[in-house]
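The values are calculated or read from the model by the stated rules, or taken from the named source; none is laboratory data. Predicted model, so just to flag it, every value in this text is computed and none were measured. Side chains are part of the model used for accessible areas, which takes the heavy atoms of the whole protein and leaves out ligands, DNA and RNA. Shrake-Rupley method; radii C 1.70, N 1.55, O 1.52, S 1.80 Å.
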Amino acid sequence: MKTKHTRGKRGLLEADLVHASLMEVERNGLDGFGLRCAARAIGCDVATLSYRFGSKEGLERAIAHRLHEEVAAPKSQLRWQARLTGLANAYRQVAKRYPNAFPLLLRFWTTGPRDMQISEEWHQALYDAGLREADIPPVACATYAAVLGVCSGEIGGLLDKPSVETLREIEGQSDLPLTKKLLPIFADLSDDEVFDTMIGILISGIETRAAKQVSRKQKPRTRKSKGS
């Protein structure tokens, strides 16, 4: 889906305004970001951005939609497991390219047409997995949040190896025997291993839930006796 290059006030292209704002977020982060600092970075007045996006939230939503445009749709002929994995990896790549702006994706229920199309692909994969329609919304929200959460943890430092100070702090505790035993494993963990493990758990969980639904459908009903 191509971006509609709408001209805002003074003939500036919307796509250019959004891209320049995205670059400003990547340079200086979201703290303190607003229409005024975006206007300074772009070289336009605040009224231009206010006219086109309405508010800081409107501009941030447009930036989030710009990030969604970089999430490629998986090939429809792939199995649902591969489609979900492909979408998850696409979000991971976006997180690595735009670590400062990526948290915006956790802020909005939807950001626009591209986001909605990705959601449709996600829902279709869950439907093809065998989930009943009533289960698709909660599973979709849970799996999407899990993917974005791990991506955010990777770029934010959560998945970094434990520091020397952290190791000393843990070693100084007397009630953490298992954690101490696992420390060498934590120290050797790679981001790829954590991400792949998360995907594997999500896929197996979906498969288990779908299989239970199938078994319930196939289970014959027993007739109640008159005295029961």
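Of the three principal axes defined by the Cα atoms of the stretch 118-218, the extents in descending order read 54, 30, 18 Å.
Across the chain, how many lysine pairs separated by 8 or more positions, or lying on different chains, have Cα atoms within less than 23 Å?
Details: K2/K75; K2/K96; K4/K56; K9/K56; K75/K96; K96/K161; K161/K180; K161/K181.
Lysine pairs meeting both conditions in the chain amount to 8.
Taking the solvent-accessible surface of protein heavy atoms with a 1.4 Å probe, what is the per residue accessible area of the chain in Å²?
Per residue, the chain has 62 Å² of solvent-accessible surface.
Residue order by solvent-accessible surface for M23, M198 is M23, M198, largest first, with ligands and nucleic acids left out and a 1.4 Å probe.
Under the criterion of Cα pairs below 8 Å and six or more residues apart, the relative contact order for the chain equals 17 percent. Once the Cα atoms are used to define both axes, helix 14-28 deviates from the longest principal axis of the chain by about 80 degrees.
Leaving ligands, DNA and RNA out of it, rank I185, I206 by accessible area with a 1.4 Å probe, largest first.
Details: I185 100, I206 10 Å².
Ranking I185, I206 by accessible area, largest first, yields I185, I206.
In whole percent, and with a 1.4 Å probe on the protein chains, what portion of the accessible area of the stretch 136-215 is carbon and sulfur?
Working: 3070 of 4890 Å².
The computed percentage sits at 63.
Against the longest principal axis of the chain, how steep is helix 177-188, in degrees 0 to 90 to the nearest 10, with axes from Cα atoms? Approximately 50 degrees, to the nearest 10.
Taking mean projected area of the Cα convex hull in nm² as calculated from this structure, the corresponding entry among (i) 13.2; (ii) 20.2; (iii) 11.5 is (ii).
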